[in-house]
1. List the strands (runs of 3 or more DSSP E) that sit entirely inside the range 1-87 and contain at least 1 residues that are under 15 Å from the mean Cα position of the chain (by Cα), without any contact (Cβ under 8 Å) to a residue 40 or more places away in the chain and surrounded by 19 or more Cβ atoms within 10 Å (Cβ to Cβ).
2. When the residues of the range 88-108 are filtered to those that are part of a strand (DSSP E or B) and polar (S, T, N, Q), which remaining residue is farthest from THR19 (Cα to Cα)?
3. Identify the residue in the range 88-108 that is among the hydrophobic types (A, V, I, L, M, F, W, C) and over 11 Å from the mean Cα position of the chain (by Cα) and, among all such residues, is surrounded by the fewest Cβ atoms within 10 Å (Cβ to Cβ).
Amino acid sequence: MTTKAKSICVVENTSVAGTRFVPDMADIANTYRAGERFSLVRDAQNPHDAWAIEVHDGAGRRVGYVSCECNEFVARLIDGGKSVEGRLESMEQIGSWTRLLMGVHLND
């Protein structure tokens, strides 16, 4: 008997940080839909933040980082070997800033 993998949202509505620094982010984001999955890639060597986690879209582009509000928690999950991913919850364009809100899901 096989069991179906479960996904639990462990962080809701967190902003993807650094989208302002992604060239053509508004155009890229226009291709996203609610539920879009993002890979979360640990960046333990980041000189600015020991808990840094890159957010990559399905095309492999780095579109930002997990917000510092929750990145230590998520980094500890990744460092502990857990499977986590981001899922787009909403987005909006505020002037030149593309605000992406995502949930972080623990896949078990």
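Just so it is clear, none of the values below were taken in a lab; they were calculated from the coordinates. Given the structure is predicted, the values throughout are model-derived calculations rather than measurements. Cβ placement follows ideal geometry from the backbone for every residue including glycine, while neighbour counts extend to all protein chains displayed.
1. On the way: elements: 7-17, 37-42, 53-56, 62-66.
Fully inside the range 1-87 and qualifying: 53-56.
2. Ranking the candidates gives ASN107 first.
3. From the range 88-108, those among the hydrophobic types (A, V, I, L, M, F, W, C) are 88, 91, 94, 97, 100-102, 104, 106; that's our starting set.
Adding the requirement that they be over 11 Å from the mean Cα position of the chain (by Cα) leaves 91, 94, 97, 106.
Working: MET91: 19, ILE94: 7, TRP97: 12, LEU106: 16.
The qualifying residue surrounded by the fewest Cβ atoms within 10 Å (Cβ to Cβ) is ILE94.
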